[in-house]
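Below is one structure, written out as C-alpha cells; the observations come after it.
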Amino acid sequence: MKRIEVKLSLPVVAPLLDVIRELGNGLRERLAAPLTLTDLDEEFRDAWVAELLVAQSGDVELLLALFDGEFFTEGVVAFDEENAEMIVRACAAVRLRVREHFLLPLGDEALETGEVDMLKFAEPVRKAFMCYLFLATVQELIIQHLDASILES
Amino acid sequence: MTVSGIPSTEGNLGDCNGKENSVCARDSGVFTHRSVRKIYSSSLPKHTVQNELQLEGVWRVVVLNDPVNLMSYVVLVFKKVIGFDEPTARKHMLEVHEGGRSVVWVGLRERAEAYVFTLQQWHLTAVLESDEAH
C-alpha cells in the first residue's frame, strides 16, 4: 500500500489546529458548500442534506484524528490509500468554512491568486489564512502522490 | 442532445463496485443519492406524480466556480466523479475557473441528481438545469 508520511513543524502547525478543530466540529451540523438546488421538495431536500452531512462528518472526523496525541509526540501525519480520499475532501470542507468565517475581507480574487498582504489583517485572520494554506498543501500532497489511488478506489 | 466532451450516459457513478445501476457516492456504498431518493419516495407516496413529472426531460449538471477549491482538486473530482480523462477534466476545470460555470453532464434527471449529489459530497457547487430552459 502506498503511504506518505509528512513530518510537520509542531510550533507552526499546532497553533492552527484549534481553528481547524473548531470549524471542523461545526461541519457536523452544516454543509461546507451551499446547497444550490432550489426545485427539490422540502422533505427530499432534508433527506439529501442529512445524507451529505453524514458523509461530511465522517470525512472531517478522520481529518481531525490525524492530529491526535501521537502527532504531538512525533509531528508526523500519514496519508495512504485508505484515508486519502476522505482527507482531501475534508480539507476542502474546512477550507470553505475558513473562508466563510475569516477570509471574506480578503476578497475572492486575492484568495484565488494567493496575493494577500497579511500585514493588513488582524491575528485571527492571519492564523486562519495559514490554516487555509496548510490544508491546501495537504491536498496538493495527496493529489500529487495518491491521485491514482483515489481514482481507483 | 449532446455537448462536446460531455458523457450523456457513461460515467463513474454507474460503475461503482461493478454493479450495474448502483449509483455510488462513496466506496462503502452507504451514502448514496439513490438511497436518499428511495427512502424519500417510499415514505411520501403523495408526491409520486409530481416527482415523475420532475424526472422527465433532459437535465444539465452544471458546476459553478468557487474561489476556494484548488484547480488540481477540481480536476481530480471531475476525473473521479464524472469519469473524464485528464485533458477533458482540465478543460472543464478551466471553463469553471474562467467562465464561472461548466456543463459536465447531460441526461435524465435522476442520474443528473446523482452526479450533483456526489459533486456536492466533494464540496463543489453543482446545480441542475433543465435543458428546456436553454
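Indicate the gyration tensor shape class of chain A (rounded, prolate or oblate), computed on the Cα atoms with a ≥ b ≥ c the square roots of the eigenvalues: a/c under 1.5 is rounded; otherwise a/b larger than b/c is prolate and the rest oblate. The shape class here is oblate.
Annotation: amide H-H contacts under 5 Å for A:GLU81 (H modelled 1.01 Å from N, sequence separation of 5 or more, or interchain): A:LYS2. On the basis of the beta-carbon distance and an R0 of 35 Å, A:SER9 and A:GLU81 show a calculated FRET efficiency of 0.85.
Listed values for region A:52-67 are Karplus-derived 3J(HN,Hα) couplings in whole Hz (6.51 cos²θ - 1.76 cosθ + 1.60, θ = phi - 60°), namely 5, 5, 4, 5, 4, 4, x, 4, 5, 4, 5, 4, 5, 5, 4, 9, and x replaces Gly and Pro.
Could you check how much of the accessible area of region B:59-133 is carbon and sulfur, as a whole percent, using a 1.4 Å probe?
55 percent
Across region A:99-109, coupling constants 3J(HN,Hα) worked out from phi with the 6.51/-1.76/1.60 Karplus curve, θ = phi - 60°, read 4, 4, 7, 10, 9, 4, x, 6, x, 5, 5 Hz, and Gly and Pro carry x.
Note on A:THR36 and A:GLU74: with the Förster distance fixed at 45 Å, the Cβ-Cβ geometry gives a FRET efficiency of about 0.60. With a 1.4 angstrom probe, the accessible area lost at the A-B interface totals about 3500 Å². Relative to the 2.2 N^0.38 Å rule of thumb, region B:59-133 has a C-alpha radius of gyration ratio of 0.99.
Here the Gaussian network model covers chain A, with springs between Cα atoms less than 10 Å apart; of A:ALA47, A:ALA33, A:ALA78, A:ALA47 fluctuates the most. Find how many whole Å separate the alpha carbon centroid of region A:117-153 from the alpha carbon centroid of region B:60-134. Each part's Cα centre sits 22 Å from the other's.
In this simple spin-label model, placing a label point 7 Å from the Cα along the Cα-to-Cβ direction at both B:GLU129 and A:GLU123 gives a separation of 4.7 nm.
Couplings for region A:28-38, taken from phi via the Karplus curve 6.51 cos²θ - 1.76 cosθ + 1.60 with θ = phi - 60°, read 6, 10, 9, 5, 5, 9, x, 7, 9, 7, 9 Hz in order; Gly and Pro are left as x.
Ignore the peptide's own chain and count Cβ atoms of other chains within 10 Å of each Cβ in A:7-17; give me the average, rounded. Per-residue shielding by partner chains comes out at 0. Stretched out straight at 0.36 nm per residue, the stretch from A:GLN144 to A:ASN25 would grow longer than its current Cα-Cα span by 40.1 nm.
The values are calculated or read from the model by the stated rules, or taken from the named source; none is laboratory data. Here the structure is a predicted model, which is why all the values come from computation and not from measurement. Positions of Cβ are backbone-derived with ideal geometry, glycine not excepted, and every protein chain shown enters the neighbour counts. Heads up: the accessible areas ignore ligands, DNA and RNA and are worked out on the full protein's heavy atoms, side chains in. Shrake-Rupley method; radii C 1.70, N 1.55, O 1.52, S 1.80 Å.
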